[in-house]
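The values are calculated or read from the model by the stated rules, or taken from the named source; none is laboratory data. Remember, predicted model here, so these are calculated numbers, not experimental data. No Cβ is skipped: glycine too gets one built from the backbone with ideal geometry, and neighbour counts run over all protein chains shown.
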Amino acid sequence: MEQLSLVSVPEPNQPEGIDLRNCGIDELFDEVRGARMVFVDPPWTYSNSGDKTRSAASHYPCLTMDDIVRHVRSSYECAADDAYMVVWATFPLLAEWMAVATPENIQWTYVTGGAWAKTGAPGSGFHWRGNAEPILIYKKGKAKPCNTKLLRSTHVSEQHRGLGRRRGGEALAHSEKPIGYQANMIEVWSNPGDLVLDVYAGLCSVGRACQRTGRRYIGAEIDEVRYRSAVDRLVLDRSKNHGV
């Protein structure tokens, strides 16, 4: 299992254009406006898991469907007039989500979907071991791609492990979303300098994708350990990819 390793003490300065907050997302909704893209990777609550030690709830506190719907609805007010929202969904809860995520409930309009096919060891599951995640794309207004760069609806890559919730001082491993693929979405659906809102930041893979593509970023991560590790990873990624 991955151990928490801090790059420096005290906390390093975040890269320019990146604003990751150690707070709940509700604290950001009132001050964010004009986001060209919104990323939502919810901590879903599962009522039935075949492997309790590998389920999301064993890594971090999860939210109810009502909480997630409320946050997504609030993010609509934070978005620009023409904007995209990317929702990392889950197949076991896909039908339930689509039933409640109507335009009347969340205001966003569903556009299309894709999938991340994960190589390597499969994840948890009850009927089968999961190795894919659905990606749902929504829009506000008349959002359209900003360029003609090729973007495929299916991405295949190995899942990388990040930090989960601590137990007895130990950091548990859990997967994070592919940075390169999220960078591709950002490049196609926004322009350099645009603002990207990250509702559930986690280890801030979206933030790293933004700094690689020249977009401004704001996001919230409520867990202090995950937040601090995310800041360190942002600084390391900046140094590795930009030499500063």
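Could you tell me which of the residues L163, L150 is at pLDDT below 95 and surrounded by fewer than 12 Cβ atoms within 10 Å (Cβ to Cβ)?
Values: L163 fails: surrounded by fewer than 12 Cβ atoms within 10 Å (Cβ to Cβ).
Answer to the selection: L150.
Working carefully through the options D41, D66, D19, D51, find the one that is at pLDDT 95 or above, among the charged types (D, E, K, R) and loosely packed, with under 14 Cβ neighbours inside 10 Å.
Just a single option satisfies the conditions, and that option is D66.
Within the range 118-135, which residues are aliphatic (A, V, I, L, M) and touching a residue at least 24 places away in the same chain (Cβ under 8 Å)?
Once the filter is applied, which keeps residues that are aliphatic (A, V, I, L, M) and touching a residue at least 24 places away in the same chain (Cβ under 8 Å), the range 118-135 yields A132, I135.
Going through the range 78-96 one residue at a time, which ones are surrounded by 14 or more Cβ atoms within 10 Å (Cβ to Cβ) and in a strand (DSSP E or B)?
A79, A80, A83, Y84, M85, V86, V87, W88
Filter the range 196-215 for residues that are charged (D, E, K, R) and surrounded by 20 or more Cβ atoms within 10 Å (Cβ to Cβ) and give the result.
Restricting attention to the range 196-215, the residues satisfying the condition of being charged (D, E, K, R) are 198, 208, 212, 215.
D198, R208, R215, listed by residue number.
Among the residues of the range 221-230, is any surrounded by fewer than 24 Cβ atoms within 10 Å (Cβ to Cβ), within 17 Å of the chain's Cα centre (by Cα) and not in a helix (DSSP H, G or I)?
yes
Criterion first (surrounded by 13 or more Cβ atoms within 10 Å (Cβ to Cβ), modelled with pLDDT under 95 and not polar (S, T, N, Q)) does R129 satisfy it?
Values: surrounded by 13 or more Cβ atoms within 10 Å (Cβ to Cβ): yes; modelled with pLDDT under 95: yes; not polar (S, T, N, Q): yes.
So R129 passes the test.
Please pick out the residue among I186, I218 that is surrounded by 21 or more Cβ atoms within 10 Å (Cβ to Cβ) and not in a helix (DSSP H, G or I).
The unique qualifying residue is I218.
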